[in-house]
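These notes are about the structure you will find just below.
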């Protein structure tokens, strides 16, 4: 069996194994926050004043559900590596040669394509440790739940009516991490046209812990009292103030199909090389297990690049992503950066990568990252890569302090 056929067989085996991993039974990790205090929300202890206490249920259910949606909807698809290979080819012999230009960008695109009948296979590992949601520390989130009759006002002439302004504060600690193993393959149909796919296998961990307390309108713990007896309290017949939930899931993520056509190249002067990239993200990951987003996304990107002095290549990517499940998630995508050859075997790349949702929900509507990385070509057709994404706006959306990625690439 030739080396190329072995590579194709390995790809099919990974696809097959990833598919059945994704079909394995799993829990409902997506609703971890929503279900922390059970399907009925927070209920305090019945008392002589309120034999059946349900006044905090609606507020707690709404608040937990809102935080749950903010958190889970912000877990998106990370940027995967570029489909640009760092080699040129001897047309007569059809073998790769180390290019005199750079080895290409890492997370963004250049307009150039791989080359006819060439196969590029890359394996990457990405670690995402989320630390903030809308600028708030995931280890120090706070929700406030109010009584359903608080709008009727608090009357200080009566302790029972004054208790309408009592609140429940829930302090949450959320541990959320992702480990993403991605197989990325690109094949050159012609010298101008590439096709490829990204198959991610994801391990996600979501653990949430909460502690609830009752406070009066002045912030005093215990809430409003009649004598020494609290009007609202937790007890054996109520929801318990401490709650936890979550777990781990592993399986196939959302597969991405890609194609790029380089329709303009090698013009003299300042006219850049131009290409059009189309991506389709398929809902192959289980949404309830947080392995996928649950919808099909279509993306079109215009790619422009130009190499100067055979070592420095600036590039621009600009396009639009359509979410067929939720139009509020439609996104303008852009990237601006460069890759530069430091040595014949070493390339440095830097990019500013942005995503903007014109009709977003207010959580992570515009996020911007700085990507810094290197590619090293130690031998023949092998490339080692490493890069890190650093958020430039930590107060927008669900964010990590940094996102490292390492990978290995081989071209056949």
message: Return the residues of the stretch 226-254 that are crowded, with 19+ Cβ neighbours inside 10 Å and part of a loop (DSSP other than H, G, I, E, B); say none if nothing qualifies.
response: 231, 232, 234, 239, 253, 254
- prompt: Looking at residue 329, is it at pLDDT below 90, under 19 Å from the mean Cα position of the chain (by Cα) and either crowded, with 16+ Cβ neighbours inside 10 Å or over 18 Å from residue 112 (Cβ atoms) (or both)?
  reply: yes
- request: Consider only pairs whose beta carbons are under 6 Å apart and that are at least six residues apart or on different chains; among these, list those whose first residue lies in the stretch 116-129 and is surrounded by fewer than 22 Cβ atoms within 10 Å (Cβ to Cβ) and whose second residue is in a loop (DSSP other than H, G, I, E, B) and modelled with pLDDT under 90.
  value: 116/191; 119/412
statement: With criteria (1) farther than 20 Å from residue 255 by Cβ; (2) at pLDDT below 90; (3) surrounded by fewer than 18 Cβ atoms within 10 Å (Cβ to Cβ), residue 352 comes up short on (2)
query: Inside the stretch 360-396, can you point out the residues that are touching a helix residue (DSSP H, G or I) at 6+ places or on another chain (Cβ under 9 Å), buried (at least 16 other Cβ atoms within 10 Å of the Cβ) and in contact (Cβ under 8 Å) with a residue 40 or more places away in the chain?
result: 363, 364
task: Given the conditions (1) farther than 30 Å from residue 256 by Cβ; (2) at pLDDT 90 or above; (3) crowded, with 22+ Cβ neighbours inside 10 Å, report the number of the one that residue 186 does not fulfil.
output: (1)
message: Of everything in the stretch 373-396, what is out of contact with any strand residue (DSSP E or B) (no Cβ under 6 Å at 6 or more places or on another chain) and either part of a strand (DSSP E or B) or modelled with pLDDT of 90 or more (or both)? Give them in sequence order.
response: 378
message: When you scan the stretch 107-119, do you find a residue that is under 30 Å from residue 312 (Cα atoms), in a strand (DSSP E or B), in contact with a strand residue (DSSP E or B) (Cβ under 8 Å, 6 or more places away or on another chain) and modelled with pLDDT of 85 or more, even just one?
response: yes
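Conditions tested, residue by residue: (1) modelled with pLDDT of 85 or more; (2) surrounded by 19 or more Cβ atoms within 10 Å (Cβ to Cβ); (3) in a strand (DSSP E or B).
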{"residue": "148", "(1), (2), (3)": "yes, no, no"}
{"residue": "154", "(1), (2), (3)": "no, no, no"}
{"residue": "157", "(1), (2), (3)": "no, no, no"}
{"residue": "169", "(1), (2), (3)": "yes, no, yes"}
{"residue": "173", "(1), (2), (3)": "yes, no, yes"}
{"residue": "179", "(1), (2), (3)": "yes, no, yes"}
{"residue": "191", "(1), (2), (3)": "yes, no, no"}
{"residue": "199", "(1), (2), (3)": "yes, yes, yes"}
{"residue": "202", "(1), (2), (3)": "yes, yes, yes"}
query: Within the stretch 397-411, restricting attention to residues that are surrounded by 15 or more Cβ atoms within 10 Å (Cβ to Cβ) and not in a strand (DSSP E or B), which residue is nearest to the chain's Cα centre (by Cα)?
result: 397
query: Only one residue in 262, 317 is buried (at least 20 other Cβ atoms within 10 Å of the Cβ) and farther than 21 Å from residue 368 by Cα, so which one is that?
result: 262
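Table: residues versus (1) touching a strand residue (DSSP E or B) at 6+ places or on another chain (Cβ under 8 Å); (2) at pLDDT 90 or above; (3) part of a loop (DSSP other than H, G, I, E, B).
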{"residue": "49", "(1), (2), (3)": "yes, no, yes"}
{"residue": "52", "(1), (2), (3)": "no, no, yes"}
{"residue": "55", "(1), (2), (3)": "no, no, yes"}
{"residue": "62", "(1), (2), (3)": "no, yes, no"}
{"residue": "77", "(1), (2), (3)": "yes, no, yes"}
{"residue": "81", "(1), (2), (3)": "yes, no, yes"}
{"residue": "84", "(1), (2), (3)": "no, no, yes"}
{"residue": "97", "(1), (2), (3)": "yes, no, no"}
{"residue": "132", "(1), (2), (3)": "yes, yes, no"}
query: So is residue 271 at negative phi and at pLDDT below 90 or not?
result: yes
query: Is it fair to say residue 332 is touching a strand residue (DSSP E or B) at 6+ places or on another chain (Cβ under 6 Å), without any contact (Cβ under 8 Å) to a residue 40 or more places away in the chain and within 20 Å of residue 279 (Cβ to Cβ)?
result: yes
message: For the condition in contact with a strand residue (DSSP E or B) (Cβ under 8 Å, 6 or more places away or on another chain) and surrounded by 15 or more Cβ atoms within 10 Å (Cβ to Cβ), what is the one hit in 298, 291, 257?
response: 291
message: I'd like the full set of residues that are in contact (Cβ under 8 Å) with a residue 24 or more places away in the chain and closer than 20 Å to residue 174 by Cα, limited to the stretch 397-412.
response: 397, 398, 399, 400, 401, 403
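The values are calculated or read from the model by the stated rules, or taken from the named source; none is laboratory data. Fair warning: this is a prediction, and the values are worked out from it, not measured in the lab. Every residue, glycine among them, receives a Cβ derived from its backbone with ideal geometry; neighbour counts consider all protein chains shown.
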